[in-house]
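**Student:** Provided herewith is a single structure, encoded as structure tokens, for subsequent inquiry.
The values are calculated or read from the model by the stated rules, or taken from the named source; none is laboratory data. It should be emphasised that the depicted structure is a prediction, and the values quoted were computed from it without experimental measurement. A quick note on method: Cβ atoms are made from the backbone with ideal geometry, for glycine too, and the neighbour counts reach across all protein chains shown.
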Amino acid sequence: MIDPTGLASSGQRGESCRTCGTPLHYAAQDEGRSITLPDRSSIILGPASTLSFEMANDERVARLDGQAELHVAPDWARPFLVEVGEAQVRVTGTRFTLTHRDSCAQLSVQSGTVEIASPAVRPRKLKAGEEAGVIRRSTIAKFLP
């Protein structure tokens, strides 16, 4: 159950879920929503979007449906992975916007570097000012500014 206080379905506050392994779930309805994750990453979740987040010893994993601007807290020991449909974005500390609707994902990098991959295509790295899209599960198209 998602509520405006940011409580997870287990009824625990985000900070207490740092080691419990329970995914945190967030949703934005008609307006966007600002979120600070337990790892200190900040997310601006777009309208009609949802995000779930889990932390493990070796990685941080978010699952996005909709749109979000992410400011990922640096943590070289635990990369931050965002799953959007069949695509996955891997970062260690950067700022980027990610949109996932239906079977398409679009990535725009504002600072740092990120890596985007899908099951049928090898990973590609993008740097600040670059954009890429994953269309129909496997095509990665890279767009320059």
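**Student:** I want to confirm something. Restricting to the range 68-92 and keeping residues that are outside any strand (DSSP E or B) and within 20 Å of TYR26 (Cα to Cα), which single residue is nearest to the chain's Cα centre (by Cα)?
**Tutor:** Among residues in the range 68-92 that are outside any strand (DSSP E or B) and within 20 Å of TYR26 (Cα to Cα), the one nearest to the chain's Cα centre (by Cα) is VAL72.
**Student:** Looking only at residues in the range 21-45 that are loosely packed, with under 13 Cβ neighbours inside 10 Å and farther than 13 Å from GLN67 by Cα, which one is modelled with the lowest pLDDT?
**Tutor:** GLY21
**Student:** I'd like to know if the range 48-56 contains one or more residues that are surrounded by fewer than 19 Cβ atoms within 10 Å (Cβ to Cβ), touching a helix residue (DSSP H, G or I) at 6+ places or on another chain (Cβ under 9 Å), polar (S, T, N, Q) and assigned to a strand (DSSP E or B).
**Tutor:** no
**Student:** Could you please find all residues in the range 120-145 being outside any strand (DSSP E or B) and modelled with pLDDT of 80 or more?
**Tutor:** ALA128, GLY129, GLU130
**Student:** In the range 94-110, is there at least one residue being more than 21 Å from GLU131 (Cβ to Cβ), among the charged types (D, E, K, R) and either under 13 Å from the mean Cα position of the chain (by Cα) or crowded, with 16+ Cβ neighbours inside 10 Å (or both)? Working first, answer last.
**Tutor:** If we filter the range 94-110 for residues that are more than 21 Å from GLU131 (Cβ to Cβ), which is where we start, we get none.
There is no residue in the range 94-110 that is more than 21 Å from GLU131 (Cβ to Cβ), among the charged types (D, E, K, R) and either under 13 Å from the mean Cα position of the chain (by Cα) or crowded, with 16+ Cβ neighbours inside 10 Å (or both).
**Student:** Which numbered condition in (1) closer than 17 Å to LEU51 by Cα; (2) out of contact with any Gly (no Cβ under 6 Å at 6 or more places or on another chain) is the only one that GLN106 fails?
**Tutor:** Checking GLN106 against (1) closer than 17 Å to LEU51 by Cα; (2) out of contact with any Gly (no Cβ under 6 Å at 6 or more places or on another chain), the one that fails is (2).
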